[in-house]
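The values are calculated or read from the model by the stated rules, or taken from the named source; none is laboratory data. Note that the structure is a prediction, hence the values are computed from the model and not measured. Quick reminder, even Gly has a Cβ in these numbers, built from the backbone with ideal geometry, and neighbours come from all protein chains shown. Accessible surface is based on the protein model in full, side chains and every heavy atom, while ligands, DNA and RNA are left aside. Shrake-Rupley method; radii C 1.70, N 1.55, O 1.52, S 1.80 Å.
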Amino acid sequence: MRLELVRRPEQSRRMAMLSPLLAIALTLVSGAILFAALGHDPVRALGVYFIEPLTTSWSVQELLVKATPLVMIAVGLAICYLSNNWNIGAEGQFTFGAIAGSGVALSLNSWDSGLLLPLMLVAGILGGMAWAAIPAFLKTRFNTNEILTSLMLVYVAQLLLDWLVRGPWRDPGGYNFPESEVFSDAATMPLLIAGSRLHIGAVFAVLAVVVAAIMLGATLKGFEIRVLGQAPKAGSFAGFSRTRLTVFAFLLSGGLAGLAGISEVSGTIGQLRPTISPGYGFAAIIVAFLGRLNPIGILVAGLLLALSYLGGEAAQVSLGISDKITKVFQGMLLIYVLACDTFILYRPRLVRANPTGEAAHGRA
Amino acid sequence: MNAEARHTDTGSEAAKPANSQPTLLEARGLTKAFGDFLACDHIDFSIRRGEIHALLGENGAGKSTFVKMLYGALQPTSGEIRWKGEPVSIDNPATARRLGIGMVFQHFSLFDVLTVAENIALALAGKVGPGALAERIRTVSRDYGLPLDPMSIVADLSVGERQRVEIVRCLLQEPDLIIMDEPTSVLTPHEAEDLFRTLARLTGEGVAILYISHRLEEVKRLCHAATILRHGKVVGSCDPAGETPASLARMMVGADVREVRHREQARLDMPVRLELKHLSLPPAGPFSVPLVEIDLAVRGGEVVAIAGVAGNGQGELFDALSGERPLHDRGALVIDGHEAGRMSVGARRRLGAAFVPEERLGHAAVPGLKLSENVVLTRHGEHHVVRGGFLKGGARAIADRVVESFDVRKSHRDPEARSLSGGNLQKFVVGREIDRQPGVLVVSQPTWGVDAGASADIRQALVDLARAGSAVLVISQDLDEIFEVADRIAVVSRGRLSAPVPAATTSRDDIGLLMGGIGHGGEGASDAA
């Protein structure tokens, strides 16, 4: 017996819907096995991880807080990936956007004006774009691999942030803690629900989803993105420029990541610290794929990934499991969703015994 | 034997294999289902030793599926294959090769950067040492009239030589049955003759050859028997020598194939609509051909064809004409009086030019997009397709119109391009451009791998477009096609273009010589006409 993959004539729409659900199911099963191996009751552990965070209004709000940057970043990444540009460095663009926006906030911290926040957001967007422009330029000019360059720039941005909060931007009245001054009220994002941490960044995320959905579904630009991503030669035959689209996709995703970065610092944290993200820029890659690179799907997937963060914290508190469990779940989810995606264009088939075992040499 | 047609030496070289020869391979009720679709429906087939047996059928008739089952690349749903009288199960190509079934593919599967010997060694999976292998390659290739240097790099070989590598690789496995998928589609007439001699020699030794071809003249001349498939079923078998190409085509299509009608001769007083003036282009990469000082003028109302062996600059010429590689000299290309050399694809389309590249999937169409979306690909400059950056519904209507007028067959209303058979997709991408009524149409390999019925439709559409006043430039390697549609013919060889000559006053042999690069010393080009 061996398993063979048979190409389908067309993409299976049913499988495209089913694949993320199948991936989630496989993740849950694997998680249960993992918990059992650690000596916990798998049902109770999964309950703590995935159900409990949804039972209080505080934690539901917290879910939205965490989903906000994930969705914002993932929407931009989806456009990158659809156009065949592999931006892996959203974490760096997020960080540099946060640095740029915070730079405005800190230098104008005493300016009590309604213009300060918009100025910070614009600076955040431009910062993210600038950071993303580097791999885009290197790719279009020197044909470098954007996966490597964008990823390496993550560490540059993180070290830059580290240096800033320990050095020039350290709060003089902060007892030598590596933190910036706390942002003034004018530099803080307004809250959506008083008393919670849910800020208007969530509205930006939803807006990004809507605009991206319209762009991808109904405009020539969206068509260009899909064509150049799937068949570059057909794209240039259509008259679309690959170079221009690469720059566009990187700037767009960098800008959104930068916006997410400054929103997170201004809305959720309130100051710059050495670590401002639990890996949102990387988790957003999972969100993008789990959401089928579709903006609406990303909205749902963003909530699920946010849940994995909350669940990790809950597991740490209630079960005494390391919060590394979060990364394990996120990793499993990504692997399963990519694996299940194979079935969109291929159908599995069992083939009867092959006595020679020479199939590997066969030329199909 | 009433259709001697254009081959001067159509003879009886298809010497009868003795009917007493034993049956080598037999298929009984061989069936392959893909879901509900029967690609092959109870096919009965047999081939004897020493026989060249043609497998004929339109695209999508089930030929490829059938031979893939014989070669072990697909498993039959039901039915039986008997090899030398014994029922066998051919699980994979390795099993097929061990039994003695070899296959020469239509699309070569060679690594460009390796030598001939290295490529062959890969397929033989280390059974022979490299020195001994080179010697065997030399011997086999000499014995069968397929001269090859085992040490040459594949990238340096012509298409004909690459095919020789495939054939020699197959022969080294000493097969009893060789399956050949459109072996002559990439060869010059001269190279094809060499191939036919090799085949004759092989059959003399008792090797059977299953021969798939769309070139019916060739089949008639070469093959001892033919099995005709239509919609996955065997609809007939015959001795091709007793048939005409037209009668063979009729059996394949199930109806008479129309000959292309030239309603009237092209008029010579029409204005020039497409002009190339000293068009030169440096090579884009190490395996690319430079274009050298190409001059050509195509008038409204005429079809000009550019013949040539693959890899002599056709692809580069197409890219230069379409604007995918804009030129430096804006005056080197003139479309309807506008200097278009430096214009983009889109700007050239706005001047009324349309283009159909050779590669259907991935260039002319995006495999994963629907037909209506593939309409947007080349027609997003039109108001009812895209307005203000937003997609309008117009593409859908165009797709329906093209499907209707070019009889594109498909499974449902708006399927993905990749689900169409090659011929149907080709009708669609040609139809998509003709539907615009372009003033200038440049089309590369309009009927490559397309069945007789669809080919006739496409060629007729090209001629009709020209007669309605457009300038049509066809780049093709198929001489049958060229003589069918062209008013004038030029030949491209190593990036240079010969002076076009009227089709009526030239012969296939003259064109064949030019294709081989003979008489190409600059002045020789026009002498041959």
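Quick notes on this structure:
- Hydrodynamic radius by Kirkwood, which averages 1/r over all alpha carbon pairs of segment A:210-341, in angstrom: 17.0
- Overall form of segment A:6-99 per C-alpha gyration tensor (a/c, 1.5; a/b vs b/c): oblate
- Toward the positive end of the charge dipole of segment A:41-320, with +1 on the Cβ of Lys and Arg and -1 on the Cβ of Asp and Glu, the farthest Cα among A:63, A:133, A:318 is that of A:133.
- Computed over protein heavy atoms with a 1.4 Å probe, the carbon and sulfur contribution to the accessible area of the protein assembly as shown reaches 58%.
- From largest to smallest, the equivalent ellipsoid semi-axes obtained for segment A:41-320 from the alpha-carbon gyration tensor read 30, 25, 17 Å.
- Site pair residue B:44 and residue A:58 shows an inter-label distance of 8.2 nm when each label is modelled 7 Å from Cα along Cα→Cβ.
- Förster radius 22 Å - calculated FRET efficiency between residue B:272 and residue B:293 (Cβ-Cβ, nearest 0.05): 0.75
- Segment B:66-116 and segment B:191-254 have their alpha-carbon centroids 20 Å apart.
- Using a probe of 1.4 Å on the protein chains alone, the accessible area found for residue A:216 is around 20 Å².
- Shielding of B:332-345 by partner chains, average beta-carbon count, 10 Å: 1
- Normalised contact order of segment A:41-320, rounded percent, pairs of Cα under 8 Å and 6 or more residues apart: 39
- Global form of segment B:427-488, assessed from the alpha-carbon gyration tensor, a/c cut-off 1.5: oblate
- Taking all protein chains as they are arranged and a probe of 1.4 Å, the heavy atoms of residue A:131 leave approximately 30 Å² accessible to solvent.
- Accessible area buried at the B-A interface, both sides summed, 1.4 Å probe (Å², nearest 100): 3300
- Cα→Cβ-extended label distance, 7 Å offset, between residue B:504 and residue B:156, nm: 4.7
- A 1.4 Å probe run over segment B:125-219, with the rest of the protein chains in place, finds 37 Å² accessible per residue.
- For segment B:154-193, diffusion coefficient by Stokes-Einstein and Kirkwood Rh (Cα), 10 °C, 1.306 mPa s, µm²/s: 144
- Only DSSP H runs of four or more residues enter the estimate; each adds -39500 (n - 2.57), and after division by the residues of the protein assembly as shown the mean residue ellipticity at 222 nm equals -14000 deg cm²/dmol.
- Helix screen, chain A: DSSP H segments with Cα axial length of 18 Å or more and mean Kyte-Doolittle hydropathy at least 0.0 are A:13-37, A:57-82, A:90-107, A:116-142, A:146-166, A:201-218, A:242-263, A:295-314, A:325-345.
- Pairs from A:233/B:410; A:139/B:277; B:233/B:410; B:84/B:233; A:233/B:277; B:277/B:392 whose Cα-Cα separation, in the structure shown, is over 30 Å: A:139/B:277; B:277/B:392
- Candidate aspartates and glutamates - alpha carbon under 15 Å from residue B:63, same-chain residues fewer than 8 apart omitted: B:41, B:44, B:181, B:182, B:451
- Relative to one another, the C-alpha centroids of segment A:171-224 and segment B:148-179 are positioned 63 Å apart.
- Average accessible area per residue (Å²) across chain A - probe 1.4 Å, nucleic acids and ligands excluded: 45
- Of every Cα-Cα pair in chain B, the percent that sits beyond 38 Å: 30
- Shielded residues, segment B:382-410 - accessible-area loss of 10 Å² or more between chain alone and all protein chains, probe 1.4 Å: B:386, B:389, B:390, B:391
- Between segment B:456-510 and segment A:136-168, the C-alpha centres lie 55 angstrom from each other.
- Full extension of the chain between residue A:322 and residue A:221 yields a length gain of 31.9 nm, computed as 0.36 nm times the residue separation minus the alpha carbon distance.
- Efficiency of FRET from Cβ geometry, residue A:145 and residue B:84, R₀ 60 Å, rounded to 0.05: 0.65
- Given R0 = 51 Å, the distance between the Cβ atoms of residue A:300 and residue A:175 translates into a calculated FRET efficiency of 0.75.
- Here the Kirkwood formula puts the hydrodynamic radius of the protein assembly as shown at 31.2 Å, using every distinct Cα pair.
- Straight-distance candidates among the lysines for linking to residue A:324, with alpha-carbon spacing under 23 Å and chain neighbours fewer than 8 residues away dropped: A:66.
- The residues of segment A:197-232 occluded by other protein chains by 20 Å² or more of accessible area, set against the chain on its own, are A:218, A:219, A:220, A:223, A:226, A:227, A:230, A:231; surface from heavy atoms, 1.4 Å probe.
- Inter-label distance for residue A:115 and residue A:346, nm, one decimal - labels placed 7 Å from Cα along Cα-to-Cβ: 5.9
- Antiparallel bridges, percent of DSSP beta bridges restricted to the protein assembly as shown (to nearest 5): 60
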